[in-house]
Amino acid sequence: MRTLILGGTREARELADIASGERGFDIVSSLAGRVREPILPAGEVRIGGFGGVDGLRKWLTGNGIDAVVDATHPFAGGMTANAAAAAKSLGLPVLHVRRPGWIEQPGDRWTRVPFLVVAAETIAGLGDRVFLTVGRQGVAAFAESGQWFLIRAIDPPEDAVPARHEVLLARGPFTVEDEIALLTDRRIDVLVTKDSGGPLTEAKLTAARTLGLPVVIVDRPQLPEGAVQVETVAAAWEWLRARGT
């Protein structure tokens with residue numbers, strides 16, 4: 001069964017590693033190309049966009065795809081919507097893999113907001129030094145903010161940035177000890193992040209809890225109506241294997 005895995009996440013790589021080694025499965029992983037040096041999965045890989053729903057539908061047809069697994073980042077809402085629409089129009093099965101979001105713990109001081117622009121408004125009264133971990137494409141929403149920002153991302157931001165800032169290029173996982181040291185060294189007042197979920201970058205939340213810092217968390221976009229969703233690679237593999245038999 002020829003399967004397109006829309007990837008860029010740890011879950012997508014793990015699923016590609018499993019499926020690529022199984023008889024009867026032909027896996028193509030697709031990466032958006034937004035990270036300069038992505039970690040590549042096993043098997044065939046394509047990099048770049050498809051050109052919207054129509055472009056993806058043509059690609060699926062032209063490449064003989066039998067099933068689609070959307071294992072993109074929880075905030076890749078556009079790609080998720082396009083995958084659901086294109087697969088539905090062709091009658092192809094599509095599965096959305098989404099790791100669980102983070103859960104507030106005792107001692108946390110979280111404020112949840114629906115969008116980045118709301119996060120930019122919310123931090124106004126929370127302090128002057130902000131630790132911003134929303135990915136390089138989300139930084140522009142804070143460009144007009146007056147606070148000082150520590151911007152951590154894998155690649156440098158390419159759009160507008162706040163006037164007062166420092167860019168820290170790094171890729172997780174991060175330890176709680178290192179995150180506490182970073183927050184303390186930069187005298188951070190508030191953390192801003194997306195609800196990406198997963199263990200790779202969760203340490204910053206533990207560090208903020210330890211130091212008693214407020215956290216502004218941007219909620220995930222909703223999945224398309226009627227979407228079939230699983231939370232783990234094991235469940236995704238079971239779904240895929242059931243359709244390949």
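Listed values, structure above:
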| read-out | value |
| --- | --- |
| Helix-derived mean residue ellipticity, 222 nm - over the chain, DSSP H n ≥ 4, -39500 (n - 2.57), to 500 | -9000 deg cm²/dmol |
| Percent breakdown of C-alpha pair distances by 5 Å bin, ordered from the shortest bin, for region 1-89 | 3, 15, 28, 27, 19, 8, 1 |
| Extension gain, E158 back to E121 (0.36 nm per residue minus Cα-Cα distance, nm) | 11.1 nm |
| Paired Rg and Dmax values of region 127-245, which use every Cα atom, in angstrom | 17.3, 58 |
| Accessible-area composition of the chain, carbon plus sulfur, in percent [1.4 Å probe] | 51 percent |
| Solvent exposure of the chain as accessible area per residue, Å², 1.4 Å probe | 48 Å² |
| H165 - accessible surface, heavy atoms, 1.4 Å probe, Å² rounded to 10 | 70 Å² |
| Counting DSSP beta bridges with both ends in the chain, the antiparallel % (nearest 5) | 0 percent |
| Given charges at beta-carbon only (K, R positive; D, E negative), |dipole| of the chain in Debye | 320 debye |
| Nearest-0.05 FRET efficiency for D26 and R112, computed from C-beta distance (R0 41 Å) | 0.50 |
| Surface/4 estimate of mean projected area, convex hull on alpha-carbon atoms of the chain, nm² | 13.4 nm² |
| Peptides 131-139, 97-105 ordered by average Cβ neighbours within 10 Å, highest first | 131-139, 97-105 |
| Translational diffusion of region 52-194, µm² s⁻¹ [Kirkwood Rh, Cα pairs; Stokes-Einstein; 25 °C; 0.890 mPa s] | 139 µm²/s |
| Straight-distance crosslink candidates among lysines, where the alpha carbon sits under 17 Å from K194 and sequence neighbours closer than 8 are dropped | K204 |
| Estimated FRET transfer efficiency when R0 is 35 angstrom, pair E238-L40 (beta carbons, to 0.05) | 0.90 |
| Segment L211-R186, extension gain: residue separation times 0.36 nm, minus the distance between their alpha carbons | 7.7 nm |
| Cα pair count fraction exceeding 11 Å, expressed as % - region 91-133 | 79 percent |
| Per-pair calculated FRET efficiency, R0 = 22 Å: V167 and D128 via Cβ, rounded to 0.05 | 0.75 |
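The values are calculated or read from the model by the stated rules, or taken from the named source; none is laboratory data. Please read these numbers as outputs of a predicted model, since none were measured by experiment. Cβ sites come from the backbone with ideal geometry, for glycine too, and all protein chains shown count toward neighbours. We work out accessible area using only protein heavy atoms, side chains counted, and drop any ligands, DNA or RNA first. Shrake-Rupley method; radii C 1.70, N 1.55, O 1.52, S 1.80 Å.
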